[in-house]
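*Asks:* The structure's right below; bear with me while I get my questions together.
Nothing in this text is a laboratory measurement; each read-out follows from the coordinates by a stated rule. None of these values were measured; they are calculated from a predicted model. Every residue, glycine among them, receives a Cβ derived from its backbone with ideal geometry; neighbour counts consider all protein chains shown.
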Ligand code: PEP
């Protein structure tokens with residue numbers, strides 16, 4: 001089964017609407033000739049409407065960075081799936097390690113959020129990964145097994161391939177330290193096997209990204225790995241030029 005690579009830029013809490021506009025005007029011509037790779041930018045809520053409008057008709061899709069599982073309710077500061085999908089937001093990052101570590105995002109909440117995103121027609125990018133301590137303690141497999149089991153518990157087998165999983169070793173996020181190709185391939189093949197334990201056909205269709213200090217100069221090597229189906233890019237997605245170079249590296 002062929003899996004179309006996805007390069008997703010996670011802007012985190014960067015870019016006002018004006019800065020986002022300048023960025024998208026610089027990005028669109030740089031990726032307009034690209035074929036065979038899906039491109040997404042995951043932007044702050046305040047940039048969503050402008051980015052959806054500016055990217056309409058292009059190959060760039062606009063994703064959010066978080067979402068509540070309830071459609072509406074007394075949840076001050078939260079944003080729901082219907083609010084995102086009405087804006088034509090195509091996907092959402094769920095369970096980023098910064099949200100888990102800094103904002104108390106739990107596997108229990110993710111188990112609710114992932115199916116809600118799917119039901120709303122959005123692509124969830126579920127982030128999983130181990131801390132440095134867990135890797136040093138040989139706990140990587142246990143952590144990944146637990147996160148995949150718990151976070152995807154309520155996704156039926158026939159929808160598993162619609163979830164994008166991002167393997168993001170926490171020690172490689174924003175640190176400039178990148179997983180070696182062997183580490184990335186091993187962890188991502190392991191995640192694919194875990195999905196395969198649920199549904200072997202879905203596992204062949206599930207896109208699994210690598211995330212953690214992906215830059216233009218290391219992207220090609222990581223993206224060439226057998227089980228790596230793209231990248232979730234933080235820092236290097238903030239400049240249109242470097243993000244476009246990573247998109248080019250993913251082009252088959
Ligand atoms: C991320 O935020 O998901 C990420 C991978 O960041 P960076 O590329 O900056 O390490």
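*Asks:* Of the conditions (1) more than 16 Å from the ligand (Cβ to nearest atom); (2) within 25 Å of residue 127 (Cα to Cα), residue 44 fails just one. Which one is it?
*Replies:* It fails just one condition, (1).
*Asks:* Collect the residues in the stretch 5-39 that are assigned to a strand (DSSP E or B) and within 16 Å of the ligand (Cβ to nearest atom), keeping them in residue-number order. Reasoning before the result, please.
*Replies:* Restricting attention to the stretch 5-39, the residues satisfying the condition of being assigned to a strand (DSSP E or B) are 6-10, 38-39.
Across the stretch 5-39, the qualifying residues are 6, 7, 8, 9, 10, 39.
*Asks:* Are there any pairs, at least 6 apart or on different chains, whose C-beta atoms fall under 8 Å, with the first in the stretch 4-19 and within 13 Å of residue 48 (Cα to Cα) and the second assigned to a strand (DSSP E or B) and away from the ligand (no atom under 11 Å from the Cβ), and if so, which?
*Replies:* Correct list of pairs: 11/41.
*Asks:* For the stretch 207-234, enumerate the residues that are outside any loop (DSSP other than H, G, I, E, B) and touching a strand residue (DSSP E or B) at 6+ places or on another chain (Cβ under 9 Å).
*Replies:* Keep residues of the stretch 207-234 that are outside any loop (DSSP other than H, G, I, E, B), which gives 208-211, 216-223, 230-233.
208, 209, 210, 211, 219, 222, 223, 230, 231, 232, 233, listed by residue number.
*Asks:* Which condition number does residue 237 fail, the rest of (1) crowded, with 24+ Cβ neighbours inside 10 Å; (2) closer than 17 Å to residue 126 by Cα being met?
*Replies:* Failing condition for residue 237: (2).
*Asks:* In the stretch 66-93, which residues are buried (at least 22 other Cβ atoms within 10 Å of the Cβ), closer than 29 Å to residue 131 by Cβ and away from the ligand (no atom under 16 Å from the Cβ)?
*Replies:* Within the stretch 66-93, 67 is the sole residue that qualifies.
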